[in-house]
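Undergrad: Would you mind keeping the following structure in view while I ask a few things?
Read-outs: derived from the displayed coordinates by stated rules, not from any lab. The model shown is predicted, which means the values in this text are computed figures rather than measured ones. We place every Cβ from the backbone using ideal geometry, glycine too, and count neighbours over all the protein chains shown.
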Amino acid sequence: MNQEFIKKYRELFGNESDDFFSSLLKKRKRYFRLNKARDVDYLKELNSYKISPTDIPNVFSYDEPNEIITNTISFLTGGIYIQNPSSVIPPMILSELLGNNGVVLDVAAAPGGKTTALSEFSNRNMTIIANEPSSSRLKSLNFNLEKYGAWNVNTISFDGRVLHKKLPQIFDGILLDAPCSNENKIGYSEEINKNWSIDLLNKMKKLQKEIILSVLQLLKPGGFLIYSTCTFSIEENEQNIEEILKENSDFELIDINKNRFTKGISGNIALDDKIIRVLPHKSEYDGFFIAGLKKKGELIIDNKNEKNTEKNTINQFFPGHEFEGTFKSIDGLIFFQKENRLIEKIKFNKTGIKAGKMIKNELELSSQFLWEFGKFFNENKKIYIKRENAIEFLSGFDISMEVDRDKNALFYEDIPVGVVKNLGGVLKNKLDRYFLYGRGI
């Protein structure tokens, strides 16, 4: 392990340093987050994985038996997201602070773990703008938003340091999981171990502070910023927060710890008591830092959301269900999204999810829309299949099966699997190729 790193943290942790260094090298437990926004029993498929709940809502630990969990129906259809509990804490806290409502900005969102968690914690009630400055990482963000059904999220792509020049001051909450030195991975990443230096910490601290100062300008009075990193250095964490508070009298530190987690390590008790540290030698979770700032004033949340009011051919598939978002047709494709007049002048890279497409005046439903709203799907149009058939379908293959011609949606027990074109004896696979070729994005 990097000797300069060892020297720095031996001085910081003292008698705990050996335990700290050992924790960075130990084998990590595996976790996933359950997509609770759908109210589908995905856990039934995962019984063989020795699942145990954690103290973070919707997050479970698991062991892999003979089959890796990413080959399950639940993972392939967006029912579970592989994610460490530590990284679920920031969206959980922001959702609690806002009462699962409001307009929220996720500043550095890819690959989408925190964005989709925030969407799910709010039960799709929030209007979320997810920013990702990297064009390649933006692809992975858009892929996961589609897969996990986050129809209340819109994406943009700007450098975080200039967001105050690109967006209006409309945000009730901001989530900033900042780029950092990634010290949490130093025990198993040769690149991070090789590149670590004090100069790197100072470089990242400067970048983080510039991003914080930019996005603070976008908060409404009473709005909240949740700042987090997956690194240990005081420079990138407590020190950044302390400097921001000294230089910006309009903001105050809020107590997000509430004696639930390990506290800060800066030595400033007034600061440390209110922030969250997840330290790997004191927890089974990955290392993390989280702090909350509030802009002084009274927060008045006004979503100004619009519901779909026009009758749509999609109602035949979901009889009696009232959709909270709106459907929009663009060049024959139908999209489902959360309409909010507060964000209507912003140009987005992606909005909502694809609901389907019109073919000769008939709506062909998308599989990802079925994954999200399968609970409300027309029972008369369901086709119940075996698990091996579901995996075959999700691998891109047609299924040979004779069923009534008006049935067109595959289900494994109560898990929505996908949409087919029923040709009589052959169920033609209509899964977007995106979900076959985009898995490695």
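Undergrad: Counting alpha carbon pairs within less than 8 Å and at least 6 residues apart, what relative contact order, in whole percent, applies to the chain? Numbers along the way, then the final one.
TA: Numbers: 898 pairs, mean separation 61.8, N = 441.
The value is 14 percent.
Undergrad: LYS165 versus ASN195, label points 7 Å from Cα toward the beta carbon: distance in nm?
TA: 2.6
Undergrad: Can you list the residues, at least 5 places off or on another chain, whose amide H is less than 5 Å from the amide H of GLY418, using H built in the peptide plane?
TA: Distant-sequence amide H within range of GLY418: LEU410.
Undergrad: Rounded to the nearest angstrom and ordered from largest down, what semi-axes does the equivalent ellipsoid of segment 1-158 get from its C-alpha gyration tensor (root of 5λ)?
TA: So the equivalent ellipsoid measures 29, 23, 16 Å along its semi-axes.
Undergrad: What number, in percent, do you get for the relative contact order of segment 305-437 if the mean sequence gap of Cα pairs under 8 Å and at least 6 apart is divided by its residue count?
TA: Values: 229 pairs, mean separation 24.7, N = 133.
Reported relative contact order: 19 percent.
Undergrad: Separate question: Calculate the spin-label point distance for LYS386 paired with ASN202, positioning each point 7 Å from the Cα along the beta-carbon direction, and give it in nanometres.
TA: Each label point lies 7 Å from its Cα, and together they span 6.6 nm.
Undergrad: Using the structure shown, select from LYS29/LYS203; LYS165/LYS263; LYS360/LYS430; LYS36/LYS296; LYS386/LYS430; LYS350/LYS381 the pairs with a Cα to Cα distance greater than 23 angstrom. Write out the running numbers ahead of the final one.
TA: Working: LYS29/LYS203 31 Å; LYS165/LYS263 35 Å; LYS360/LYS430 16 Å; LYS36/LYS296 33 Å; LYS386/LYS430 18 Å; LYS350/LYS381 30 Å.
Correct reply: LYS29/LYS203; LYS165/LYS263; LYS36/LYS296; LYS350/LYS381.
Undergrad: State which entries of LYS139/LYS294; LYS220/LYS347; LYS166/LYS258; LYS50/LYS147; LYS258/LYS282 exceed 29 angstrom in Cα-Cα distance in the structure shown. Numbers along the way, then the final one.
TA: Numbers: LYS139/LYS294 32 Å; LYS220/LYS347 21 Å; LYS166/LYS258 35 Å; LYS50/LYS147 25 Å; LYS258/LYS282 18 Å.
Going by Cα-Cα distance, LYS139/LYS294; LYS166/LYS258 fall outside the 29 Å limit.
Undergrad: Using a Gaussian network model of the chain whose springs link C-alpha atoms within less than 10 Å, name the residue from TYR62, TYR31, TYR188 with the highest mean-square fluctuation.
TA: Residue with maximal mean-square fluctuation among TYR62, TYR31, TYR188: TYR188.
Undergrad: Just report the Cα centroid separation between segment 1-69 and segment 105-129, whole Å.
TA: Computed from Cα coordinates, the inter-centre distance equals 21 Å.
Undergrad: Please report, in whole Å, how far the alpha carbons of segment 290-441 spread along each principal axis, starting with the longest.
TA: Here the Cα extents, ordered largest to smallest, are 64, 40, 28 Å.
Undergrad: Taking only the C-alpha atoms, wrap a convex hull around the chain and report its volume per residue in Å³ as a whole number. It would help to have the intermediate numbers written out before the result.
TA: On the way: hull volume 63.6 nm³, N = 441.
Considering the Cα atoms of the chain, their hull volume per residue is 144 Å³.
Undergrad: A further question follows. Run lengths n ≥ 4 of DSSP H only: what is the helix-derived mean residue ellipticity at 222 nm for the chain, with -39500 (n - 2.57) per run over all residues, to the nearest 500? Mind dumping the intermediate values first?
TA: Details: 14 runs with 118 residues, N = 441.
Taken over the chain, the calculation gives -7500 deg cm²/dmol.
Undergrad: So if R0 is 22 Å, what FRET efficiency would ILE346 and GLU324 give, r being the distance between their Cβ atoms, rounded to the nearest 0.05?
TA: On the way: r = 21 Å, r/R0 = 0.93.
The formula returns an efficiency of 0.60 here.
Undergrad: Another one. Taking just the alpha carbons, could you work out the radius of gyration and Dmax for segment 353-407, both in angstroms?
TA: Both quantities, over Cα of segment 353-407: 12.4, 34 Å.
Undergrad: If one computes the Cα centroid of segment 312-360 and of segment 230-306, what distance in Å separates the two points?
TA: Centre-to-centre (Cα) distance: 37 Å.
Undergrad: Between LEU25, LEU225, LEU118, where does the largest GNM mean-square fluctuation fall for the chain, given springs only between Cα atoms within less than 10 Å?
TA: Result for the chain, Cα springs under 10 Å: LEU25 fluctuates most.
Undergrad: With labels modelled as points extended 7 Å from the Cα through the Cβ direction, what inter-label distance (nm, one decimal) is found for ILE359 paired with LYS29?
TA: Placing both labels 7 Å beyond Cα along the Cβ direction yields 4.6 nm.
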